[in-house]
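Before we start, here is the structure in question, set down as structure tokens.
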Amino acid sequence: MRMIGLMSGTSLDGVDAALVDFDARGRPTLAGQIHHDYPAELAAQLRTIDGDSPLRTVLMLDAWLAGFYASAVEALRSATGTARQDIDGIALHGQTLWHAPGASPPVTCQIGDPSRLAETTGIPVIADFRQRDLAAGGEGAPLAPLFHAALFGCDHRRCVVNIGGVANISVLDAGGQPLSGFDAGPGNTLMDAWARRHLDLPFDRDGRWAASGMVDTPFLERLLADPYFRRPPPKSIDIRTFDLAWLEKHSGAPQRPADIQATLLALTAVSIVDAIDEWGKAPEDVVITGGGALNTELRRAIAARLTPRPLLTGEDEGIPATLVEATGFAWLGRATLRGDRLDLRSITGARRPVILGGVYPA
Ligand SMILES: Nc1ncnc2c1ncn2[C@@H]1O[C@H](COP(=O)(O)OP(=O)(O)OP(=O)(O)O)[C@@H](O)[C@H]1O
Ligand SMILES: CC(=O)N[C@H]1[C@@H]2OC[C@@H](O2)[C@@H](O)[C@@H]1O[C@H](C)C(=O)O
């Protein structure tokens, strides 16, 4: 089966498109990939949208993103010489605008109109994965443990840590099955926001700015005192759960912006490893994925705290760290087309295994 996975995540850097072939046993082979950056003004606008935004704005973005995703699909088809009839489906995550699993009723919103995408590309689209998990009583996130098990499962206990805007952890047993999964807390989001504000850059490349600062331990302890870090899974967050407004609620910040950046990097590293120590079920090693895996200073801080447990990257396991999620959604979309019921009960708290997502025919 040949699928395209489309992932645009909470860092709002754009869309990753992966062309993935699956063998009879569901093992994936990456056959092509492309990344399209969001236009800067779109990313800035998306960053302002939340549950109180005008419906008109959301609907316009929903339609516009479908065209943006369609152009990424066409560019990937052209780059790989793949005919639309040779693609079984496009698995679309969409762009999360708001995630409120604790609301009554629980809600989550990903935009990018699948009907328009199917109509424009002439390829079936599978979307609304999170909505079906919510409907089944789950948190709606993280879904990654399902495909982390398929991509990184091995003969020993392992944790997979995706570091995008948000950091999420998958706990895999020795048979490669997902035991649990949850959002650990901030991934890149606070470091990115602080770099945008003080460096006018989208992120702190390789964590160099953070490395030039000093971690303020008393301030770090105050940040780590947030009750979310002690809350047992299942748990998931919105990108705004840990934003600069949250940061500014805490007193005693160091004067130098570089020292705050160093402390934010430590917050991500410490909260991830603490979560592995508390709920990771004693993994023999840890695989790190997502754009945060490219942050050498962050990787070093996580590896130091994990010692002697080895820290591997997606590349070490044969998949580019930044393409794991797009590949993973291709895997989820294939499962939907096959009618596979996926079991998220121990991950999101869903009541029963369900076929995730809806199919929008070409
Ligand atoms: N060389 C680098 N140094 C430091 N950080 C990097 C580097 N390359 C990418 N990043 C980080 O990765 C982020 C993008 O990662 P990614 O594409 O995984 O985000 P995402 O898909 O939005 O995440 P998610 O959906 O999992 O929240 C950037 O915003 C930046 O913080
Ligand atoms: C609501 C939403 O989009 N959540 C994302 C976000 O980005 C990382 C983390 O928070 C994770 O829970 C999830 O995405 C990944 C792909 C997941 O569902 O596993």
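The values are calculated or read from the model by the stated rules, or taken from the named source; none is laboratory data. For clarity, every value in this text was computed on a predicted model and none was experimentally measured. Here the Cβ is made from the backbone with ideal geometry for all residues, glycine too, and neighbour counts use every protein chain on show. Just the protein is used for accessible areas: all its heavy atoms, side chains included, with ligands, DNA and RNA removed. Shrake-Rupley method; radii C 1.70, N 1.55, O 1.52, S 1.80 Å.
Pull out all pairs, ordered by first then second residue, where Cβ-Cβ is under 9 Å, the residues are six or more apart or on different chains, the first lies in the range 28-40 and is without any contact (Cβ under 8 Å) to a residue 60 or more places away in the chain, and the second is assigned to a loop (DSSP other than H, G, I, E, B) and aromatic (F, W, Y).
Taking only residues 6 or more apart or on different chains, not a single pair turns up.
Out of all the residues in the range 258-277, which are touching a Lys or Arg at 6+ places or on another chain (Cβ under 8 Å) and away from ligand 1 (no atom under 16 Å from the Cβ)?
Within the range 258-277, V270, V273 meet the criteria.
Out of G176, G165, which single residue is more than 21 Å from T96 (Cβ to Cβ) and either surrounded by fewer than 21 Cβ atoms within 10 Å (Cβ to Cβ) or not acidic (D, E) (or both)?
G176
Still on this structure, I have one more. Can you find a residue in the range 208-215 that is closer than 24 Å to L97 by Cβ, surrounded by 14 or more Cβ atoms within 10 Å (Cβ to Cβ) and not β-branched (V, I, T)?
Looking only at the range 208-215, we keep the residues that are closer than 24 Å to L97 by Cβ, and these are none.
Scanning the range 208-215 turns up no residue that is closer than 24 Å to L97 by Cβ, surrounded by 14 or more Cβ atoms within 10 Å (Cβ to Cβ) and not β-branched (V, I, T).
Restricting to the range 291-316, what's the tally of residues that are open to solvent by less than 40 Å² (accessible area, probe 1.4 Å), in a loop (DSSP other than H, G, I, E, B) and at pLDDT 95 or above?
The qualifying residues number 1.
Tell me yes or no: at least one residue of the range 208-225 is in the same structural domain as R256 (by TED's automatic domain parsing), of a type in the set (G, A, S) and within 23 Å of T289 (Cα to Cα).
Yes, the conditions are met somewhere in the range 208-225.
Considering I319, I288, I272, which residue is touching a residue at least 12 places away in the same chain (Cβ under 8 Å), within 16 Å of ligand 2 (Cβ to nearest atom) and assigned to a loop (DSSP other than H, G, I, E, B)?
That would be I319, the only listed residue that is touching a residue at least 12 places away in the same chain (Cβ under 8 Å), within 16 Å of ligand 2 (Cβ to nearest atom) and assigned to a loop (DSSP other than H, G, I, E, B).
When you go through (1) open to solvent by less than 50 Å² (accessible area, probe 1.4 Å); (2) among the hydrophobic types (A, V, I, L, M, F, W, C); (3) outside any loop (DSSP other than H, G, I, E, B) one by one for I123, which number turns out not to apply?
For I123, the failing item is (3).
Looking only at residues that are more than 10 Å from ligand 1 (Cβ to nearest atom) and within 12 Å of the chain's Cα centre (by Cα) in the range 161-180, which one is nearest to R300 (Cα to Cα)?
Only one residue tops the list, namely V161.
Could you say whether any residue in the range 164-175 is without any contact (Cβ under 8 Å) to a residue 60 or more places away in the chain and part of a loop (DSSP other than H, G, I, E, B)?
Looking through the range 164-175, at least one residue is without any contact (Cβ under 8 Å) to a residue 60 or more places away in the chain and part of a loop (DSSP other than H, G, I, E, B).
Do we find that D340 is out of contact with any Gly (no Cβ under 6 Å at 6 or more places or on another chain), without any contact (Cβ under 8 Å) to a residue 60 or more places away in the chain and either among the basic types (K, R) or in a loop (DSSP other than H, G, I, E, B) (or both) in this structure?
In short, yes.
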